[in-house]
Amino acid sequence: KAPQEVEMPGPQPHDVPAGGLDVPSLPPPKDGDEVQEAFPGESRLSPEERDRWLILHFALPRTIMTCDMAEGRSTEVELNDVLSRMAWGSIDGRTSDWMLESESATLDAPHSSLISYFEYVERMYPSDESMEKEAREENIAMAAQKRGAFTNTGDAGAKFRPMFDQMVKNLQHSNKALMKAYDLKKPILSEQDAPEDPSRSEAQGIMRFGRHQILPAFWQLLNQLTKKNRRFSLVLRSFSEEQVAIVQRELQLFCQGQHPAYDGKNKTQKPPPMSGDKGSRDMRLIDANLGRFDRSACKLHFASRPAGDATKVARPGEVAALAGAAAPVAGDASAEGASAEEGASAFTPTEYQFASDYHEVYAGMQDQVLQGANTAAIIDDMAYWKSKGQDSTAGKLLLVDHAGGLAETKVQHVFFDGNMGSGSAQCVDVRDVVTGEPLAQSDAEGLFTHRVDLFQATTDVDYFVQALDACELKFSQKVLESRQVAGAAGDDVASGEAAAGSEADRLPPKEYLYRNIIPALLPALEACQRDRPADPVEFIAFYMLRHSKQYSKTLKA
């Protein structure tokens, strides 16, 4: 149902718009202005590299949302659980009780001698596979209960209660006009206490908790990237399809300027259009772009998306048309019926396999799924991850073209997830698309992944903007560093190549190819013959791009 419109006076100069979307966009540089470098050497990057395509993967729980539907944790339990992992203390030698030592919530221990309350509870209530099932399940439940009540009065983390309250305060709708319009009272932290009422409007359903379900910092990032006219795509990642549906609904309304907390009414700030109107990029999520990973079967499946390239940017409720499909004539019932019947029988869903290599998934997501629309969602394989002991190599798959020096410089994938650990990515499996090997967390962190601090993300509306800026800066620096290394190696042969240039012009065609092309192509052919990939041409293409700086001969256009 349409939201109830309540006309209120517009914001006065002293009013702060709700949602934190009042930051003005930066004016474009004028001709002749000196370009300010973010770091020394940035100007050596090409314009396409500086304004690279950003593919932003966002986990939902503990990242842009404060509940975890897959694990059955409410916002109240989740906030306590998060703080239990960010509180550091020591164990009393006499009583074996955990004693809080840290004064602030941090992702990493202030000192190596300290352990988090989460770790302490894990030790006190072990749940390894060697235990009997009943005892193991009892310990899991007890540990979850301890963490979920961490900041309650009388519990181990009671001193962290002000931090819990601060997070709730930042989630709460504080705009009086908005609260009055939707009759909002005290924020509800247990989702089960406020089930959605189908008789109420969609806007009332979204506002029923008296707080944000999706962090304002996420909306702020979309707003800023749109104002800067950056090319970016979103890939929502979750173990729960139900949780994706919540974000899908709110994202659609936000992009259309109809989200009740961001529609320009009730002293709220309206974002720029992101629905395809007025020349804007359409950031809404359509059903066709909802995929599912099956790691056991080694496939990524989009059940409602036709296989192949998208022929147009789809809108909500639509599926990108199959290439060459003819549309039925409007009003012709027989034609429409026949077309529907033929379409149903001819429909082939999009599916990418990765049993032998990851090229198909990587290229399919970038060249097909995210070309037809700017937002996708993937339901990750939770059962597979848990069956492998929650090891990072079985987690949410993220493919990057790395090669130890960033082979792809015009596209940057960044995975934001608040469930990653300090020593291990834990739930995110970052792999090199060519070799298929996992990347060490030390190589991926701050470049392809960002471990989200939910406390900061909740209390700082610019958190994701700043986090992405840091990832982009590190990426740019790594690109230049890899080129410096390659340049130093190439200096030794540069003079010889220059002298050989005139000689190459006099060579017969066959000898020219043997001297200049075969040395570069032969390693790719040998690797292709060794690995026998499903798509050998694509494999060779990736290999050649990957090793463009490592040829024994340098190819010139």
message: Looking for something β-branched (V, I, T) and either closer than 30 Å to V247 by Cβ or open to solvent by less than 70 Å² (accessible area, probe 1.4 Å) (or both) - is there at least one such residue anywhere in the range 87-94?
response: no
task: May I ask you to list pairs of residues, at least six apart or on different chains, whose Cβ atoms are under 6 Å apart, with the first in the range 442-461 being farther than 20 Å from H413 by Cβ and without any contact (Cβ under 8 Å) to a residue 24 or more places away in the chain and the second being open to solvent by less than 40 Å² (accessible area, probe 1.4 Å) and among the charged types (D, E, K, R)?
output: none
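Residue-wise test of (1) crowded, with 20+ Cβ neighbours inside 10 Å; (2) at pLDDT below 75.
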| position | (1), (2) |
| --- | --- |
| F455 | yes, no |
| F464 | yes, no |
| D469 | no, no |
| K474 | no, no |
| K478 | no, no |
| S482 | no, no |
| V485 | no, yes |
| V493 | no, yes |
- request: Could you check, for the range 249-272, whether at least one of its residues is in a helix (DSSP H, G or I) and of a type in the set (D, E, K, R)?
  value: yes
- prompt: Looking at the range 37-82, which of its residues are among the hydroxyl-bearing types (S, T, Y) and not in a loop (DSSP other than H, G, I, E, B)?
  reply: S43, T75
statement: Of (1) over 32 Å from the mean Cα position of the chain (by Cα); (2) at pLDDT below 75; (3) closer than 30 Å to Q353 by Cβ, Q550 fails just (1)
- prompt: Can you tell me how many residues in the range 279-293 are in contact with a Leu (Cβ under 9 Å, 6 or more places away or on another chain), basic (K, R) and either without any contact (Cβ under 8 Å) to a residue 12 or more places away in the chain or not in a strand (DSSP E or B) (or both)?
  reply: 1
field: Answer residue from the range 365-384, given it is in a helix (DSSP H, G or I) and under 19 Å from R52 (Cα atoms) and is modelled with the lowest pLDDT among those
entry: G372
query: Could you say whether any residue in the range 159-172 is assigned to a loop (DSSP other than H, G, I, E, B), surrounded by 14 or more Cβ atoms within 10 Å (Cβ to Cβ) and either modelled with pLDDT of 95 or more or in contact with a Leu (Cβ under 7 Å, 6 or more places away or on another chain) (or both)?
result: no
- prompt: Pairs, please: C-beta under 7 Å, at least 6 apart or cross-chain, first residue in a loop (DSSP other than H, G, I, E, B) and in the range 385-399, second of a type outside the set (F, W, Y)?
  reply: K388/A394; Q390/Q426; G395/A425; G395/Q426; G395/C427; G395/V428; G395/D429
task: State all residues of the range 349-387 that are of a type in the set (A, V, I, L, M), open to solvent by 10 Å² or more (accessible area, probe 1.4 Å) and within 19 Å of the chain's Cα centre (by Cα); if no residue qualifies, say none.
output: A363, M365, M382
- request: Could you please find all residues in the range 166-179 being closer than 14 Å to F209 by Cα and either touching a residue at least 60 places away in the same chain (Cβ under 8 Å) or not aliphatic (A, V, I, L, M) (or both)?
  value: V168, K169, N170, L171, Q172, H173, S174, L178
query: Would it be correct to say that K186 is more than 31 Å from the chain's Cα centre (by Cα), closer than 23 Å to D81 by Cα and surrounded by fewer than 19 Cβ atoms within 10 Å (Cβ to Cβ)?
result: yes
query: Within the bounds of the range 99-109, is there any residue that is modelled with pLDDT of 95 or more, open to solvent by 70 Å² or more (accessible area, probe 1.4 Å), more than 20 Å from F455 (Cβ to Cβ) and of a type outside the set (F, W, Y)?
result: yes
The range 364-393, residues that are more than 30 Å from S280 (Cβ to Cβ) and not aliphatic (A, V, I, L, M): D381, Y384, W385, K386, S387, K388, G389, Q390, D391, S392, T393
statement: Checked Q213, Q224 against criteria (surrounded by 16 or more Cβ atoms within 10 Å (Cβ to Cβ), within 17 Å of D68 (Cβ to Cβ) and at pLDDT 95 or above); the one match is Q213
query: So, of the residues in the range 400-443 that are in a strand (DSSP E or B) and over 26 Å from A457 (Cα atoms), which turns out to be least open to solvent (accessible area, probe 1.4 Å)?
result: D432
query: Considering only the range 222-250, how many residues are among the aromatic types (F, W, Y) and under 15 Å from H413 (Cβ atoms)?
result: 1
message: With the structure loaded, tell me whether F218 is open to solvent by less than 10 Å² (accessible area, probe 1.4 Å), part of a helix (DSSP H, G or I) and not hydroxyl-bearing (S, T, Y) or whether it fails that test.
response: yes
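The values are calculated or read from the model by the stated rules, or taken from the named source; none is laboratory data. Everything numeric here is computed off the predicted structure, so don't read it as measured data. Because the Cβ atoms are built from the backbone with ideal geometry, glycine has one as well, and the counts that use them run over all protein chains shown. Heavy atoms of the whole protein, side chains included, go into the accessibility calculation; ligands, DNA and RNA do not. Shrake-Rupley method; radii C 1.70, N 1.55, O 1.52, S 1.80 Å.
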